[in-house]
Each structure stands twice: as C-alpha cells, then as structure tokens.
1. Can you give the mean number of other chain Cβ atoms that lie within 10 Å of the Cβ atoms in peptide B:171-181?
2. Rounded to the nearest 5, what % of the DSSP beta bridges within the range B:154-283 are antiparallel ones?
3. Expressed as a fraction of 2.2 N^0.38 Å, the rule-of-thumb size for a compact globular protein of N residues, what is the C-alpha radius of gyration of the range B:212-341?
4. If each label sits 7 angstrom from Cα along the C-beta direction, how far apart, in nm, is B:Q298 from its counterparts in the other copies?
5. Taking R0 as 30 Å, what's the FRET efficiency between B:E174 and A:V142 from their Cβ-Cβ distance, rounded to 0.05?
6. Sort out for me the Cα centre separation of the range B:305-347 from the range B:165-239, rounded to whole Å.
7. For the range B:234-300, just say rounded, prolate or oblate: build the C-alpha gyration tensor, square-root its eigenvalues into a ≥ b ≥ c, call rounded for a/c under 1.5, and beyond that prolate if a/b exceeds b/c, oblate if not.
8. Take every Cα pair under 8 Å in the range B:152-235 that's 6+ residues apart, average their separations, divide by the length, and report that relative contact order as a whole percent.
Number of protein chains: 2
Amino acid sequence: MESSLLDTAAAAASLCAAAGGRRRAGSTASFLSCSCSPRDCRVSASYSRSISRMLSGVRSAARRKLFRADPADLLGVANWPEAGVAGHHQQQHWWAALEHNFVLESTDDEYGGVVVDADRLPADKAAFARSLAASLSYWKSVGKKGVWLKLPVDRAEFVPLAVKEGFKYHHAEESYLMMTYWIPDEPNMLPANASHQVGVGGFVINDQMEVLVVQEKYCGSSLDGVWKLPTGFILASEEIYTGASREVKEETGVDTEFVDVVAFRHAHNVAFQKSDLFFICMLRPVSSEIKIDETEIQAAKWMPLEEFVKQPFIQEDHMFQKIMDICIQCLRKCYCGLTPHHVVSRFDDRTSTLYYNVAEPEDVNCSAT
Amino acid sequence: MESSLLDTAAAAASLCAAAGGRRRAGSTASFLSCSCSPRDCRVSASYSRSISRMLSGVRSAARRKLFRADPADLLGVANWPEAGVAGHHQQQHWWAALEHNFVLESTDDEYGGVVVDADRLPADKAAFARSLAASLSYWKSVGKKGVWLKLPVDRAEFVPLAVKEGFKYHHAEESYLMMTYWIPDEPNMLPANASHQVGVGGFVINDQMEVLVVQEKYCGSSLDGVWKLPTGFILASEEIYTGASREVKEETGVDTEFVDVVAFRHAHNVAFQKSDLFFICMLRPVSSEIKIDETEIQAAKWMPLEEFVKQPFIQEDHMFQKIMDICIQCLRKCYCGLTPHHVVSRFDDRTSTLYYNVAEPEDVNCSAT
C-alpha cells in the first residue's frame, strides 16, 4: 500500500517541528496543519506555500516524499531563510536541494518490507545515490524489515551504488538484477530464489518392445558413444508432462503421449551449485518415423529393449540399472507411477498439476521390488 | 583447459609476422622460434629478449596472453622501434601499453565456450574495460561460442562495463553476478539457471488418528485462522526426506521419520516468475510433545483427523481435498508412495536420491481411485 500522503504529512510535521530545533518521528499530523507551538513552529508563510506548491505541482504527491530531517541540518545552514526577496531566492535554492533527497517510490509488502518501484527510479546516478541513502535512513526509522530493489539492466550503473549502501545480490534474470537489504538486527527472513533445475527423460517403447534411444553430440566423455533415453530441461513455466513429449519430439521427431512419472532423482551441486530434479517419464509413442535434431543429436533409433539394457554403461551403473528395472516393472504392469491431474486451489488462486498414484487392483497384483 | 602457452606462442608469432606488416592468425609456432622469413621477421634482438623477459617474469606465462594484433597498429605508431638506447626506452613504454590489452584469464569449457577466471580479474575499471573489449575481440576471432563472466560483488563496478560490451545477466547469488555473452549468430545454447523452488509438507499422524497441524503467523488472508500441515522450503542442497522432518521439527518440536512422498504439486509463476514443486510427504511421529517456533507459528496441536478434513478451507478447495484423499488412502494402505533410495552413478560421479515405488502385493490390493 502506498503511504505517500501519510508519509508526506508526517514529514511536513517533522520539518515543522525541526524548524524549531526538535525532531518528531512518526507523527501523522494532518497535511499542513501543524501541531507544533508558535515557538516550535517557525515555518514561514512562504514555507507553507512552497510545500503546497511542490506537493500539488507537476510531480504528483505520490511520487515525492519529503525527507524526514531538519531542512537546515540537511542543507548545512544555520536558519531557514526569512520572508522577503532575498529569502525567497534562498528558499528556491534550498527547496531544489531538498527535492534531491526524496525517498524512492515503493510499496509495502505483507511482511513489513518494502518493494522499490523499478519503473520510478531516478534517471541519473547521483540522484539515485542520494535517494537510496535517504530512503534507507527513512525505512530504518519507520521500522521496515526487508527491502527489495529491482534494477533493470539499463540501470546497471546503479548496481555498484547499491552495493556500496549495503545491498546484496538476490537473483538475476536477463533483464534485471534483484538486490535486497535486510534492516533489523535479527536473522534474515527474506525468501531465497529458485534452487532447482528440472529435467525430464522419456522412456518410449513401442509394440515391438523397442525403446527409442539417442546418441548425443555433446555428452561428456563418460557417455561418449552410448545409446541413452532422450532427456532435457523443461522450459520456463512448462509442465513436466508436456516437456517430456517436447524433448522427445525435438530430439527424435517422434510424437508421444504422456503416461506417468515412474520415478524421480534428486541431486545437488549440479550446475551453479544448485540442485537438480530429474523426472523419468513413461511415454507412449503415437508415431514411429525418426528425424533427429542435428544441432544436439548424433543419431537416434528404435533399439530392442534387451540390447539397450545390456549396454555396459547401464550394466555397470547402479543408478541406470535401477531406473531400467523400474521401467521394465512398468511394462509388466507391476508398478504404479504418478499421473498428472489438474487441480484448482483457492488459497493461491491458481490452477496447478498434482501428480499422484491412481492404481486399479488388477494393475498391481505383483511385487514391484 | 588453459591454453595460455599455445596462445602466447601464437601471439608471439603473430607479432613477429606483424612486425613485417602481415598478420598471422592461429599459428602455433613454438615459443620464440619464429617461422617467419627474415623479411617478415623484423623482430629485433631486444624485442625477443623483451618477450622472454616478460613471459618468464614475475607474472607467470599462464597469466598473460599477448593480444593478437599488430603492435604498431595497436599503439598507433608507424614502426616498432629499432634497437639502441632510444629505441629501448620506446619499447619499454610500448610494452607497458601492450600489457594493458591482455585477454582475460579463462578456461575453455566442453561446448566451445569460455569461462573467465573470477579470481584473476584486473584490479581497476579501466584495465577491465580494455581487457574485456580485447578479450571479446580475441574470442570472436578464434570461434568461441558462449562466454561466462562471474563478477564477485566486490567487482560490482565492473557490471555496467560488461553490460556496455553486450554481456547479459544470467543469474546471481549473494556473492556474485554471473553474466554471459553468446557470440555466434545462431540460437543461444547456454543453459538457464535454476527455475524451481522446492517445498515440502508433512502429513504426520499418530496412533490416535490425530494429525499434527499448525496455525501460521504470516499466511495471507485466505489462510488466516486455518489449521494446516507444517510446510516450508527445503534448504540449499537439502534432501526432501530430511527437509520434511526438519520443517516439522522447527515448527512444532515433534520428531518424525520419513515414510514416503505421496504426491507432488507443480505450479508456475509463483515467486519471481519461477515455478514451484511441492512434495507432500508422509511422516511417522517418534515424539509427541509440541514446542512451536514463535517467529513463524501462532499455534500447533494434534487434531483428530476427522475434524481436520472437515475444515471449510479443505472441504471447499479442490486441491486440498484431493491431497487429503491421497493421505487417507495411504493410511488405509491402499496407496503406493515413492520412497527414497541412495544411488550412485558413474556418469556424473555422484551419489543422489532416487524416489520410486516399492510395493508389496498385500499393500496394494484395493483401488486407490
């Protein structure tokens, strides 16, 4: 929720009090009605008019927040100028200086934190540096916790300025870098970013008990020359059940229908020190002609299942052996995989896919061990 | 693989040829033995000694690569200086200028790409900017594909320089920003970063058919006041089967043993536009005393299962209802979840966890629909 009007009023009251040499924090005195005494409140008539003019000026009130400070202190002068022509010119000059120290445009999140508006950042480095310092000071004073600062790539020059203020890197995408600042002296509660890459492998077997296999071009020396299942990463926001069929189609040209997830593998420190979830999927072929993707695949073919599992790289590898055992159990109808089902939830207002086991008694009347 | 010695020799040969006005690219002439003709090779004796001195000097040969260019062109002069005192001073000056344009220290990856050594970056912005431009030019000339540039947070000032050269953000962690550059005029084949966050929920039920439930402090208005299963994100490099028990322990103080994964949910655009995998896990309690984590949990208790499932937020929500149906099927032994098994694979030389279905016939002799 934008709190600009309240903050502005609070700041105005603060400035009002500060003009008399005392600072008030957190006051919510109404806009322009000052609760300070005549002695405290040395705000001149032109000062009030300046506030009014500035706040109702071209820049909307929501875009500007007065910095919570004594303006004289802020500007390094002894007194706020008196009324009159000379004083007026000084005031204009000092208002310009004040305007340079606005708090960054932001919204509050549900956890006492602040999300800076990436579309309302100052245009230049100097203004950003000043605003960032001013904003941090303000946010600390009002008890904010986490600060989220999303810097678009065309504001890359702001990155070192934010680091200098104590912001940390959180995550990045091609178009932006997200930085965070945790204010309170307690454990950092800000959520982490994505931690896993997700891959899929397709076990595609036809009525002749032949499995669809590929030889990759870039596979590392340990897999050089072996025939393996088609595998790949799912795309951003892609379903596992569509990703598996897509990968098989891209690599081999074969169309398939998704049957179920038969198992998944969880590994750590795989790439960029992140973790990896790999879903082994049973797919039913609905075409047979092979056409490979030559950028990644050396060759593809339908290979007799027996020949496939007899390859040394499977026979000599604990994990591959186990995966093939599971796939063969599936073929014998002695296994319950997890099938995808669309579900809707009110709690986060979205449709998602729930994978679970749906078995008929006649499908599981033998041991799967 | 570091190619500094080859590159150095090649560059030396190139300079050698270039001194005669012709450039040779990709030559692998052995170190200091120049294959150019006397006419081509106007390398003075002092020039050779300079190369030798520099390459065997304090900085190791592996740390410096001579820029592939005509030094005279590079320095904007007509001729490389002749031997003699005056020429020597000029050479010293020009060697210093040459040294300012070195290719960044890097290693080759398996895919025709380059990984810049983050521990060998130049110390200042100007040197980095020059080296980066020189490096890109060199990598393009030798047909490199992807460039990985990891900038530690204490080199934040290099970020805008890299953006200016055309590097893109790839991902970031607290201590660094990874940037990439895809050189060839073909689809970018660089792998993406992690795309999913992973959460776990623990279904813990005791012998009295009471389920362990919590009320959270910060849950959003739609879940305000409801009793839910303990849930949370797994930590970096944490196993699902330990993460589930840890979350239950942290939130409620109850110790549990992991039984199996009964289902998982896949959702998209959840946080930072990334996807979410949530694993519903069956856990067996091995203690009963409750002690909540007051930073996140309002209250926790053992609730009769019937009362738990009758809550409106479950009755009125398609997804929660389905999850509870599955959990109840598990209790009735009419369900096969996925159990974790350690497996080792030679293909990536690591231990990982394979989750699959291990069922005994007597456990699955009823319909799970």
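The values are calculated or read from the model by the stated rules, or taken from the named source; none is laboratory data. From a predicted model like this one, the values you see are computed outputs, not experimental measurements. Cβ: placed from backbone, ideal geometry, glycine included. Neighbour counts: every protein chain shown. These area figures cover heavy atoms from the full protein model, side chains too; ligands, DNA and RNA do not enter into them. Shrake-Rupley method; radii C 1.70, N 1.55, O 1.52, S 1.80 Å.
1. Per residue, the number of nearby Cβ atoms from other chains is 5 on average.
2. Values: 19 of 28 bridges.
Once the DSSP bridges in the range B:154-283 are tallied, antiparallel ones form about 70 percent.
3. Numbers: Rg = 14.6 Å, N = 130, 2.2 N^0.38 = 14.0 Å.
Against the compact-globule rule of thumb, the ratio is 1.04.
4. 6.1
5. Working: r = 26 Å, r/R0 = 0.86.
Efficiency for this residue pair is about 0.70.
6. Between the Cα centres of the range B:305-347 and the range B:165-239 lies a distance of 20 Å.
7. oblate
8. Numbers: 73 pairs, mean separation 18.1, N = 84.
It comes to 22 percent, rounded to a whole number.
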